[in-house]
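What follows is a short report on a single structure.
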Amino acid sequence: MSAPSGAGERPSPAVEDEDDGRPTVLIVVAAMMAGVMLAAGMLVVSQIMFKDPKPIPEEVLVNKPAEDLPPEDVPAEVAPPPEADPCDGVSDEDGDGYLPCAPETDAALARVSLGELKANDCDDKDPKVYPAAKGDGRGVDNSCDGKIEGKERPVTEPPPPQETCFQDLDGDGYGNVLKPLRGEACRGKNVSKNSEDCLDTNARWYPGAAEPPGSPDMNCDGKPTPAVENPSSLSRRRC
């Protein structure tokens, strides 16, 4: 018995791959398209989520009350810079604790009242000169009050002329013109404002002193007194 026509024959491999593989290709293509669409969607979502917010127009910020704006949109207040003071950056060269400057700002004056800042030094080269300093006998303005210590004379006023006198060793009230003295020395002893004594070691010699006949110039007039001749000597000459 002969086999029927076509019995036992296997279909062509090419026809089998073409018929069986078509659905597989479609599935792969569809999956790829779905992946692309998913990636595109995720990209759009990420751009929306992470994109910078649109800035609020300036006119909105100006015209809209701050309490109606989101906290992140309220403009921050900028603190003004601190006011400069003449004592800023000044150093104390003489080391007396006082700066050679005059504080003016409220902050600097507050530091002065708290004792944190000392200023108004009128001579930053002299450590003995500063506000409230005591006089040291040098005749300078130690306390920076504009006056010489111990005197009511302003610093700008010239000092009064010093008193002048002369040494009077013999105490006759007349001094030696060759021995002038000044200032405090004139308040001591053996001094005189007169300088006409011609011999300051003898109290009998002074202007106006009595001169016995034949004595030297005791009255300081520059002329010695002539001696008076003895009457007996005169009678002998006549004889």
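The values are calculated or read from the model by the stated rules, or taken from the named source; none is laboratory data. In this text, all values refer to a predicted model and were calculated from it rather than measured experimentally. Reconstructed Cβ throughout: ideal geometry from the backbone, glycine too, with neighbour counts over all protein chains shown.
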message: The conditions are (1) touching a residue at least 24 places away in the same chain (Cβ under 8 Å); (2) loosely packed, with under 15 Cβ neighbours inside 10 Å, and residue 120 fails exactly one of them. Which is it?
response: (2)
- request: For region 174-189, enumerate the residues that are surrounded by fewer than 14 Cβ atoms within 10 Å (Cβ to Cβ) and either part of a loop (DSSP other than H, G, I, E, B) or among the basic types (Lys, Arg) (or both).
  value: 178, 182, 187, 188, 189
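Table: residues versus (1) modelled with pLDDT under 90; (2) closer than 30 Å to residue 220 by Cβ; (3) outside the structural domain of residue 202 (by TED's automatic domain parsing); (4) not hydroxyl-bearing (Ser, Thr, Tyr).
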site	(1), (2), (3), (4)
127	no, no, yes, yes
132	yes, no, yes, yes
137	yes, no, yes, yes
146	yes, no, yes, yes
166	no, yes, no, yes
171	no, yes, no, yes
176	no, yes, no, yes
189	yes, yes, no, yes
field: Which numbered condition residue 79 misses (of (1) surrounded by 10 or more Cβ atoms within 10 Å (Cβ to Cβ); (2) free of Cβ contacts under 8 Å to residues at least 12 places away in the same chain)
entry: (1)
query: Between residues in region 203-214 that are closer than 15 Å to residue 227 by Cβ and residues that are at pLDDT below 90 and surrounded by 13 or more Cβ atoms within 10 Å (Cβ to Cβ), which pairs lie under 6 Å by C-beta distance while being six or more apart or on different chains?
result: 211/218; 211/219; 211/225; 213/225
